[in-house]
Amino acid sequence: MSKVKVVFWMGKDLGEDFKPLSAIRSLLEVDAEKGSTVRTLFGKLAEQYGQIGKKVFCKETQSFYLDIVVVFNDRLIKMDELYNVVLQEGDNITILQMHAGG
């Protein structure tokens with residue numbers, strides 16, 4: 001098992017398993033199984049937590065929604081590469097919702 005930290009832009013919407021970091025940010029510490037990828041982790045999270053399945057990761061397509069930005073260990077990585085990254089102890093993933101304005 002590898003301990004992975006996932007920070008979401010959603011605050012109280014996610015439930016009791018998530019530690020609030022602020023009114024609009026929350027943290028989930030996950031024990032990822034050996035060999036788990038970003039795709040497998042988020043597939044499981046989308047199944048387990050309804051709000052993640054609705055707003056972050058589509059269970060049917062096994063992909064992040066188009067308005068989601070993923071920061072992996074403080075770096076932006078192309079989604080097609082990110083999905084297959086094997087998770088390691090201490091990895092940090094930040095999930096942000098893309099916003100546009102003018």
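Computed from the coordinates by the stated procedures, all read-outs in this text should not be read as laboratory data. Treat the numbers as computed from the prediction; the structure is a model and nothing was measured. Backbone-built Cβ (ideal geometry, glycine too); neighbour counts: all protein chains shown.
Farthest towards the positive end of the charge dipole of segment 40-85, among the residues Gln48, Cys58, Ile77, is the Cα of Gln48, using unit charges on the Cβ of Lys, Arg, Asp and Glu. Among the GluC sites (Glu not before Pro) within segment 24-102, those in coil by DSSP and having at most 12 neighbouring Cβ atoms inside 10 Å are Glu33, Glu60, Glu89. Straight-line cross-link partners of Lys78 among the lysines, defined as a Cα under 24 Å from its Cα and at least 8 positions apart when in the same chain: Lys3, Lys5, Lys34, Lys44, Lys54, Lys55, Lys59.
Three principal axis extents describe the C-alpha atoms of segment 2-97; from largest down they are 31, 27, 24 Å. With springs only between Cα atoms under 10 Å, which of Lys12, Lys78, Lys44 fluctuates most in a Gaussian network model of the chain? With Cα springs under 10 Å in the chain, the top fluctuation among Lys12, Lys78, Lys44 is at Lys78.
Counting 0.36 nm for each residue step from Glu16 to Glu33 and taking away their Cα separation leaves a gain of 3.9 nm.
Each residue in Asp80, Asp17 was given a count of other beta-carbon atoms within 10 angstrom of its own, and listing them fewest first yields Asp80, Asp17.
Distance between the pseudo-spin-label points of Arg75 and Gln97 (7 Å out from Cα toward the beta carbon): 2.9 nm.
What residue among Gln48, Gln88, Gln62 shows peak mean-square fluctuation when the chain is described by a Gaussian network model with Cα springs under 10 Å? It is Gln48. Computed from phi, the 3J(HN,Hα) profile of segment 80-88 under the Karplus parametrisation 6.51, -1.76, 1.60 (θ = phi - 60°) reads 5, 7, 4, 3, 9, 5, 7, 6, 10 Hz, with x in place of Gly and Pro. On full extension, the segment bounded by Val86 and Gln62 gains 7.1 nm, given 0.36 nm per residue less the C-alpha separation.
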